[in-house]
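Engineer: My questions all concern the structure below.
What follows draws every value from the coordinates through simple rules; no lab data is involved. All values reported here derive from a predicted model rather than from experimental measurement. Methodologically, a virtual Cβ is constructed for each residue, glycine included, from the backbone with ideal geometry; neighbour enumeration extends over all protein chains shown.
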Amino acid sequence: MKFIRKYFLLLFLFFLVHFISLAQTAGWEMGFNYFFDNTEFSGSSYVNDQTMKGLHVAPQLTFQWENIHSFFVGTDLLNISGSKKAIEKVKLIAYYQLFTPKILLRVGSFPRSDILTNYSDFFFQDSVEYFKPNIEGLFWQINHSSDFFNLWLDWTGHQTATQRESFFVGASGVKHFENFFADFQSYMFHYANTAPRNTDFHVCDNVLMHLSLGINLLENRSKLDTLFFAVGLLQGFERERGLDNMTFKPSGIVLRGNIQYNRFGSENSFYIGDKRMRLYNKHGNNLYWNNPFLRGNSYLESEWYWKPIQTSTVEGKLALRLHLSEGKLFTEQLFTLKVLLDHSFKKNSKTIACQN
């Protein structure tokens, strides 16, 4: 076993030196993400009351050649505030990137925070970014002006005798028509069986798609940084194969309205329709990565935020979120601080998929 570890270490060092020799430009990158998220959800039958806090430190080495090809290698180190462990979790960062004005391709294990920013917590609850920072698969996007279309794959569970296979396949995009726009976000989460197969388990699927039409009013109010309204359909498909009465097709309407002036803003989403996440009591977060408040017929989320620090390398955000569900009002206090330092060259793709 020690021989094998030494072999792979030497092989890794060989490839690292090889990339350095080939690279026209080499550099480094250091990411620092701190999060404090306090949820006051006591009294909810859908969501647990908790406080999430910690920080990610992500050092990376970067190698670029022919101006469009890059290779990144590093690690994401998670520290949980107050934990006895200095490092709670270590995740490998290693990926190839092709970047041109019209195409972005990433393959490997790479941060999710700068490529799926157009997905709301109707798809990914906050804890996903905090504790599952990487996509392990691929991401491909076509850009044209402010429009884009992307496809992505994220393996989240390797099939073993005790672990079930699971992965995401997703697609999203936006198209602008002067002040109007049409956008969509979607994914399918596949939660399969173990190997060898366990007869007590059944394959599950969770499909979610949000299609909306909206209007961007910025051109008429140039003093604002963001102002748009949208209405859309949130369609789902949930099933546990091989069991009767375990297929659900929830559908509902989503209203959105966002506004930002200077460093102050508000993001608002309202859902009304069928109850979702119908298999949650059985599978919980193993099947559902989205917001558990959607288990009700209606849900309003309203976030009011201030960004006291906002530069090219540092962003600090202080926010209050209001959640109206089950006929009750719940609150959430949030503070995040993100720092990104790099040297020698920039990826030029920090905001790859952006809000409208």
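Engineer: Tell me the volume per residue, in Å³, of the convex hull enclosing the alpha carbons of region 139-286.
Structural biologist: Once divided by residue count, the hull of region 139-286 is 139 Å³.
Engineer: If I take R0 = 51 Å and measure r between the Cβ atoms of Gln159 and Lys307 in this structure, what FRET efficiency does the formula 1/(1 + (r/R0)^6) give, to the nearest 0.05?
Structural biologist: Result of the calculation: an efficiency of 0.75.
Engineer: With 29 Å as the cut-off, how large is the P(r) tail for region 2-343, expressed as percent of Cα-Cα pairs?
Structural biologist: Summing the P(r) of region 2-343 above 29 Å gives 47 percent of all pairs.
Engineer: Roughly how many Å is it from the Cα centre of region 48-96 to that of region 179-245, as a whole number?
Structural biologist: Region 48-96 and region 179-245 have Cα centres separated by 27 Å.
Engineer: Same structure, new question: Modelled label-to-label distance, Asn67 and Asn262, 7 Å Cα→beta-carbon offset: nm?
Structural biologist: Rounded to a tenth, the inter-label distance reads 4.1 nm.
Engineer: Could you pull out the GluC sites (Glu not before Pro) across region 26-90 that fall in loop regions by DSSP (anything but H, G, I, E, B) with no more than 11 other Cβ atoms inside 10 Å?
Structural biologist: Glu66
Engineer: Provide the net charge surrounding Ser146, with neighbours chosen by a C-beta distance below 12 Å and charges set as Lys +1, Arg +1, Asp -1, Glu -1.
Structural biologist: Cβ neighbours under 12 Å give a net charge of -2.
Engineer: Taking a spot 7 Å from the Cα of Asp200 along the direction of its beta carbon, which residues of region 280-298 have an amide N less than 19 Å from it?
Structural biologist: 280-287
Engineer: Let me ask you something else. Normalised by the number of residues in the chain, what is the relative contact order in percent for Cα pairs under 8 Å and 6+ residues apart?
Structural biologist: This gives 14 percent for the chain.
Engineer: Could you put Ser81, Ser145, Ser113 in order, starting from the residue whose Cβ has the fewest other Cβ atoms within 10 Å?
Structural biologist: Exposure proxy ranking, most exposed first: Ser145, Ser81, Ser113.
Engineer: Could you compute the net charge surrounding Phe248? Neighbours are other residues with a C-beta less than 10 Å from the C-beta of Phe248; K and R count +1, D and E count -1.
Structural biologist: That works out to +2.
Engineer: Here is a follow-up. Starting from the amide H of Glu88, placed 1.01 Å from N in the peptide plane, find each other amide H under 5 Å away whose residue is 5 or more places distant or on another chain.
Structural biologist: Here the answer is Leu78, Asn79, Ile80, since their amide H atoms fall under 5 Å of that of Glu88.
Engineer: Identify, among Phe184, Gly265, Met277, the residue whose Cα sits farthest towards the positive end of the charge dipole of region 2-343, taking +1 on the Cβ of Lys and Arg and -1 on the Cβ of Asp and Glu, with the dipole about the Cα centre.
Structural biologist: The residue sitting most towards the positive pole is Met277.
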